[in-house]
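These notes are about the structure you will find just below.
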Amino acid sequence: MKSGRWITQTESSTYLNEAMAIWLRDLRSEFRTRYAINAILMFAVTTLIAVSFSIGAFRIGEAEKPFLYAVLLWIILVFSALSGLSRSFVKEEEAGTMDVLRLSARPQAVFLGKLFFNLTLLGALELIIVPSFILLMEYEIQFPGFFAAMTISAGLGLGAGTTIVAAMIAQASARGALFSALSFPLLFPLMITAIKGCERAAVGMDPAGWPEVRIAVAYVIIMIIMSLFLFPLIWEE
Amino acid sequence: MSTCYLKVSNLCKYYSSTLLFKEISFKLGPGEILGITGWNGSGKSTLLRIIAGLVRPSAGQVEMSYKDESIPKDSRRKFLGMVAPALALYEELTALENMEFFCRVRGVSYDRKHCLHIMERVGLTEHAHKMCRNYSSGMKQRLKLVQALLHEPPLLLLDEPGCNLDSKGIRIVEEITSEQRRFGMTVIASNEKREVDYADRVINLSE
């Protein structure tokens, strides 16, 4: 008699283990299909090239550069993210795998797994786009450490914000429009903070206390905690 | 024998103002098989989805207990395996990768030999490394059975288990159902006489 075999093994399961399983599966699927990464990178690279050719390093006055470059950088990053990050949940809905995932994993583990996946995509996006932007636009940054911390913390916030919105819109029709419409008000405070922080890093204003980074980190923490509470309500019928 | 019980009390389901079914009650214990039949649209699949916790009932309760302790709704997934036409597997993964994922996500330690053994039972060993997108609909149905049996659940929910299966596949379903009788409970939703005949009791949702 096999009774008890399954119950003893399931006891060792943790949220993190389940989340890691979902993250690894999403990565494996993404490597094979390249749905999200293609959408994000195509948007990011074409926008970056368009911006660098049309504006370039010489058409903006030195005084306006730090602010305008920060705005352009975050427009590219945010809208590239919006073009592909909803795929993490939408593809489950489209493939009909949402229910099998509901039956297999706990809601919080699903959220964390999808969050890790979106953060991986965003990390790859930032690794390619930020250095390319700095090189192509000849973006001078006085405080590189602060700039890096700002980019990373705001990237984490972008991932956390878009993941919960992606979960909300996955079962709706007109997902693309809804994703952008719902994400924008949620991401707006983060964008403003990230732009201000990057401008401060470029100008060389004293980043004592790293206020923008602290705001972005607080945003990430609040967004993740709120999402972990809200996600089970979204995830269930 | 697993000591798991299922109790369904006064279950009702409305979609908008349309009544799907009402006052469905039954108890199921170890070794029992319940058949659910009814016209198309009578709510067979919905009833199974409510038992699985995928859909909320409009009224009534589903309770599961294990060793005399009630199982909370969010833990119910550990105790059941489900096969349904609407449950799809990951097409961009191989059959074995799918099974590895379901083991890990359910907290069952991944044992390749165990997975291959279950795949052998449904006749899929040779195709274990094939992408699921290259599977025929019958092979996908067999793989869904593997997915449902992977954690050896005490409650098996089978929604049209013979769907897309050839005669060999149907025999496999018969074997699985009779083996499950020794390990736990089964609920089969179908209009196929042969599948409903496995059941000890039948609830007809059209009545």
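What follows draws every value from the coordinates through simple rules; no lab data is involved. Computed from a prediction, not measured in an experiment: that's the story for all the values here. Note: ideal-geometry Cβ built from the backbone for every residue, glycine included; neighbour counts use all protein chains shown.
Here are the numbers for this structure:
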item: Alpha-carbon spread of the stretch A:91-201, three principal axes, descending order, Å; result: 51, 25, 23
item: Shape call, the stretch A:167-237: gyration tensor on alpha carbons, a/c limit 1.5; result: oblate
item: Kirkwood Rh and Cα Rg combined as Rg/Rh, the protein assembly as shown; result: 1.07
item: P(r) weight above 22 Å for the stretch A:13-119, C-alpha pairs, percent; result: 46 percent
item: Proxy reagent accessibility, fewest Cβ within 10 Å first, across B:105, A:220, A:71; result: A:71, A:220, B:105
item: Inter-chain Cβ neighbour average for residues A:20-31, partner chain, 10 Å; result: 4
item: Rg over Rh, two decimals, the stretch A:84-131 (C-alpha only, Kirkwood Rh); result: 1.09
item: Mean projected area in nm² (Cα convex hull; one quarter of hull surface) for the stretch A:14-235; result: 12.2 nm²
item: Per-residue mean of C-beta atoms belonging to partner chains within 10 Å, peptide A:94-102; result: 6
item: Counted charge near residue A:52, where neighbours are those whose Cβ lies closer than 15 Å (Asp, Glu -1; Lys, Arg +1); result: +1
item: Distance violations [Cα-Cα > 20 Å] among B:7/B:78; B:144/B:193; B:78/B:130; B:73/B:144; B:7/B:140; B:73/B:193; result: B:144/B:193; B:78/B:130; B:73/B:144; B:7/B:140; B:73/B:193
item: Candidates per trypsin sites (Lys or Arg not before Pro) in the stretch B:6-106, loop by DSSP, up to 12 other Cβ within 10 Å; result: B:67
item: Environment charge of residue A:140, counting only residues whose C-beta is closer than 14 Å and scoring Lys/Arg +1, Asp/Glu -1; result: -2
item: At R0 = 25 Å, FRET efficiency that the Cβ-Cβ distance of residue B:65 and residue B:182 yields, to 0.05; result: 0.80
item: Neighbour-count ranking [beta-carbon atoms within 10 angstrom, fewest first] of B:101, A:67; result: A:67, B:101
item: D_trans [Stokes-Einstein, Kirkwood Rh over alpha-carbon pairs] for the stretch A:30-71, 4 °C, 1.567 mPa s, µm² s⁻¹; result: 107 µm²/s
item: Kirkwood hydrodynamic radius of chain B, from inverse mean 1/r over distinct Cα pairs, in Å; result: 17.4 Å
item: Volume of the Cα convex hull of the stretch B:117-200, divided per residue and given in Å³; result: 90 Å³
